[in-house]
1. When the residues of the stretch 22-54 are filtered to those that are modelled with pLDDT of 85 or more and open to solvent by less than 60 Å² (accessible area, probe 1.4 Å), which remaining residue is farthest from LYS264 (Cα to Cα)?
2. In the stretch 167-184, is there at least one residue being over 19 Å from the mean Cα position of the chain (by Cα) and not aliphatic (A, V, I, L, M)?
3. Of (1) more than 18 Å from the chain's Cα centre (by Cα); (2) open to solvent by 60 Å² or more (accessible area, probe 1.4 Å), THR129 satisfies all except one. Which?
4. Could you say which residue among ALA142, ALA152 is in contact with a strand residue (DSSP E or B) (Cβ under 6 Å, 6 or more places away or on another chain) and touching a residue at least 12 places away in the same chain (Cβ under 8 Å)?
5. Looking at this structure, is SER248 within 16 Å of the chain's Cα centre (by Cα), more than 17 Å from VAL50 (Cα to Cα) and open to solvent by less than 10 Å² (accessible area, probe 1.4 Å)?
6. Test PHE160 against the criterion of being among the aromatic types (Phe, Trp, Tyr) and either more than 19 Å from the chain's Cα centre (by Cα) or not in a helix (DSSP H, G or I) (or both), and give yes or no.
7. Only one of LEU109, LEU98 is touching a Lys or Arg at 6+ places or on another chain (Cβ under 7 Å), open to solvent by less than 10 Å² (accessible area, probe 1.4 Å) and in contact (Cβ under 8 Å) with a residue 24 or more places away in the chain; which?
8. Among the residues of the stretch 247-258, are any free of Cβ contacts under 8 Å to residues at least 40 places away in the same chain, aromatic (Phe, Trp, Tyr) and part of a loop (DSSP other than H, G, I, E, B)?
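The values are calculated or read from the model by the stated rules, or taken from the named source; none is laboratory data. Quantities reported herein were computed from a predicted structural model and do not represent experimental measurements. Glycine gets a Cβ as well: all are built from the backbone with ideal geometry, and neighbour counts include every protein chain shown. Areas reflect the complete protein model, heavy atoms only, side chains present, ligands, DNA and RNA absent. Shrake-Rupley method; radii C 1.70, N 1.55, O 1.52, S 1.80 Å.
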Amino acid sequence: MDWLFEYRNCPNCGCNDFTVLFDSNMKQDDFQDGVESVYMLPGDEYGRHVKCRNCQLVYVNPIEKETKINEDYSKRKSVDVSIIRESRLRASKAQVELIKRYKTDANLLDIGCGEGFFLFNASKAGYSTKGVELSRDAALYARREFGLEVEATAFEGLQFPENCFDVVTLWQVLEHVPRPLMILKEVHRTLKPGGLLAASTPDIKGVPAKILRKRWWNIRRLHINQFTPGTLSSILRNAGFKNIAFTSYRESISLLMLFIPILKHLKVYKPLEVLFYPSSIMGKIMNRIVLTYPARLDNCTVVGFK
Ligand SMILES: [Zn+2]
C-alpha cells in the first residue's frame, strides 16, 4: 500500500530532522474526489504534520506521490463556480491593488491561476497576463469566461526563458506543491532582474490556527506545507529573492461561501442543499453579502524581488 506515498526531507532546507506536531486526523470522510480507501496508510501516518528542527517549517510527511498529486489536480473539477465567483473577484481586485504598489504596466504570470479571477482583474488594470493551472477544467473556465491566456499544465514543465516576467504571483499555491523551493527557484530564474514575486499561503501561526490546532480549516488533505511569515520568507531567501517584505490585502468571503463548509461540517448540508443553491433566492442573497477582513488574520503574504 505504501508505494503510493513517499517520505520526504524538509522541502525548504533539505534536512531530515523533525518533531511530530500531530498525527493524522484524517478519516475516510475527509477523502473526496475519488480518493479510495486504498490510499490510506496504516498507522495514522497519513496527514502527519512534522516540524523541521533546522528551519521550523511545518510539512506533511509522508505525502502522496507527486505524480499522483499532479494527476489529481489536472482532473479536478471546479466547484460550482457561482459560489466562489463574487468573493474571488472582490479579493483578487485587492490583490491587484497590492501588485500596483510595486509594479504597473508590466507583464505578469499567475501560477495556479484557477478560474482566472485574479488574472481577469489584472488584465483590466493594464497588465499583460499569462496563467498556468493544472486543472484542465478551471483553465478552460478562465479561457472561456474571461478570454485569458492560460496553459493547463505544470509551471515547471513550461521552461519559460530566463528574465521574461516583471511579476509572478503564487496565490495560495505553495502549500499545495511537493517541491515549493524548486518552484520558487524556477520563478526566480524566469523573472527579470528587479522583478517582483508576490506569494500568499495560510498562516499556521495565525490566531485561528493557534486556537483550532489540527481542527483548523487549513489542515486538510491538499495542504502539504504549512508556512508562517518566518518560514515563507526563509524559503524565498533560499530561492534567491531579496528585499522580502510582509504585506496584506483585504480578503473577501461571501456568506454563502462561509456557510456551506460549516453546514457540511455539521453534516446537515445534504438535506438543506437545495435551499443554498447559488441560483436559489437564499443563495443569491447570501452570495451578495460579502464580508471583508485583513488577509493577515489567517494568511501570510510576502513580496520579494530578484
Ligand atoms: Zn527545514
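1. CYS52
2. Quick first cut of the stretch 167-184, residues over 19 Å from the mean Cα position of the chain (by Cα) only: none.
Looking through the stretch 167-184, none of the residues is over 19 Å from the mean Cα position of the chain (by Cα) and not aliphatic (A, V, I, L, M).
3. (2)
4. Working: ALA152 fails: in contact with a strand residue (DSSP E or B) (Cβ under 6 Å, 6 or more places away or on another chain).
ALA142 is the lone residue from the list that is in contact with a strand residue (DSSP E or B) (Cβ under 6 Å, 6 or more places away or on another chain) and touching a residue at least 12 places away in the same chain (Cβ under 8 Å).
5. Numbers: within 16 Å of the chain's Cα centre (by Cα): yes; more than 17 Å from VAL50 (Cα to Cα): yes; open to solvent by less than 10 Å² (accessible area, probe 1.4 Å): no.
Judged against the criteria, SER248 is not a match.
6. On the way: among the aromatic types (Phe, Trp, Tyr): yes; either more than 19 Å from the chain's Cα centre (by Cα) or not in a helix (DSSP H, G or I) (or both): yes.
Against the criterion (among the aromatic types (Phe, Trp, Tyr) and either more than 19 Å from the chain's Cα centre (by Cα) or not in a helix (DSSP H, G or I) (or both)), PHE160 qualifies.
7. Values: LEU98 fails: touching a Lys or Arg at 6+ places or on another chain (Cβ under 7 Å).
Going through LEU109, LEU98 in turn, just one is touching a Lys or Arg at 6+ places or on another chain (Cβ under 7 Å), open to solvent by less than 10 Å² (accessible area, probe 1.4 Å) and in contact (Cβ under 8 Å) with a residue 24 or more places away in the chain: LEU109.
8. Taking the stretch 247-258 as the starting set, the residues that turn out to be free of Cβ contacts under 8 Å to residues at least 40 places away in the same chain are 255, 258.
Retained after the next criterion (residues that are aromatic (Phe, Trp, Tyr)): none.
Checking the stretch 247-258: not a single residue is free of Cβ contacts under 8 Å to residues at least 40 places away in the same chain, aromatic (Phe, Trp, Tyr) and part of a loop (DSSP other than H, G, I, E, B).
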